[in-house]
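Right, one structure below, let's go through it.
FYI, it's all coordinate maths here, none of it is from the lab. The structure displayed is predicted, hence computed values, not measured ones. Note that we place each Cβ from the backbone using ideal geometry, even for glycine, and neighbour counts take in every protein chain shown.
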Amino acid sequence: MKLLFVADPLHTFKTYKDSTFAMMREAASRGHELWACEPQQVVWQRGSLVQAQARRITLTGDAHDWFDEQEQALVALSSMDAVLMRKDPPFDAEYLYATHLLTQAEREGARVFNKPQALREHPEKLAILEFPLHIAPTLVTRSIEAVRAFHTEHRDIILKPLDGMGGMGIFRVKDDGLNLGSIAETLTKDGTQTIMVQAFLPAISEGDKRVLVIDGEPVPYALARIPQGGEVRGNLAAGGKGVAQPLSESDWAIARELGPILAARGLLLVGLDIIGDRLTEINVTSPTCFQEITDQTGWDVAQRFIDALESAVQRQQRQ
């Protein structure tokens, strides 16, 4: 198959842990042809198809100079067997526009994973609102007074922006309420920007678990990202320690309930974030942790993903 990865610049990949690289490596081992572009290289013009200024690459096996460019070409997305949208957040206006171009490419016959409409309809912080029985007490607001009232009720809370990633912009305010007003004013930009507020979950000390779901089926191991050095954030980007572990009973229950629902909407790959037995995020843009789980357990996540991708392409080809 010819696979086009819409992703961040290739030279920024940390290949020892990058999940998109793990996908590429597994796909290449099966003889699939690899193409890559960045979102800004995807274009449409009346009278033509959605195209991308892309480059065909091969993998070198070197940790630093990890790819060779074979050619550059303007390619129609519909000429590819699959297009994989793997651009990292933030989910900003430019990301949104890219999904609309990908939807147009679908109209022209392209097969895009994850489905762009599903990406638009599942913002990673807000997607959990559909499943209230599985989440902690949660408030979504731009009202500073509402934040104060939530703190009065729950006493120990987490505040975070809706467009953050990697733990960026996350604050904890304990019972004393120290700096609550300042934090709320900063994150809401004086009441003009919506944020999420949640009751603090003490189980974060045991890790913020990333549970991967591929084509509706949970990967049997999670990566628990455990805060270090007094941090409240377990994110690897914030210095958390990643420890792979079998799914707990509650992890299985959440993943098995949500997995088929999300897969039916065109989300081939989902990353559920779970603290204790509470769902905190549904990651759909570029879920990670493939290599950490595989390295620690031997369970090959990339292999399972490419199996699912091949099956999904075959299903769509038959339709």
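Tabulated results
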read-out	value
Single residue of Glu185, Glu124, Glu130, Glu153 found to be in contact with an Asp or Glu (Cβ under 7 Å, 6 or more places away or on another chain) and not hydroxyl-bearing (Ser, Thr, Tyr)	Glu124
Residue list for the stretch 191-208, restricted to those being in a loop (DSSP other than H, G, I, E, B) and either under 22 Å from the mean Cα position of the chain (by Cα) or free of Cβ contacts under 8 Å to residues at least 24 places away in the same chain (or both)	Thr194, Leu201, Gly207
Top-ranked residue in the stretch 1-60 [being among the β-branched types (Val, Ile, Thr) and not in a strand (DSSP E or B); ranked as farthest from Cys289 (Cα to Cα)]	Val50
Residue among Ile254, Ile306 that is in contact with an Asp or Glu (Cβ under 6 Å, 6 or more places away or on another chain) and buried (at least 18 other Cβ atoms within 10 Å of the Cβ)	Ile306
Residue count for the stretch 107-126, restricted to those that are surrounded by fewer than 20 Cβ atoms within 10 Å (Cβ to Cβ) and either at positive phi or part of a helix (DSSP H, G or I) (or both)	6
Sole residue being closer than 22 Å to Ile261 by Cβ, of a type in the set (Gly, Ala, Ser) and under 18 Å from the mean Cα position of the chain (by Cα), chosen from Ala93, Ala118, Ala136	Ala118
Any hit, the stretch 167-181, residues being closer than 17 Å to Ile274 by Cβ and in contact (Cβ under 8 Å) with a residue 12 or more places away in the chain	yes
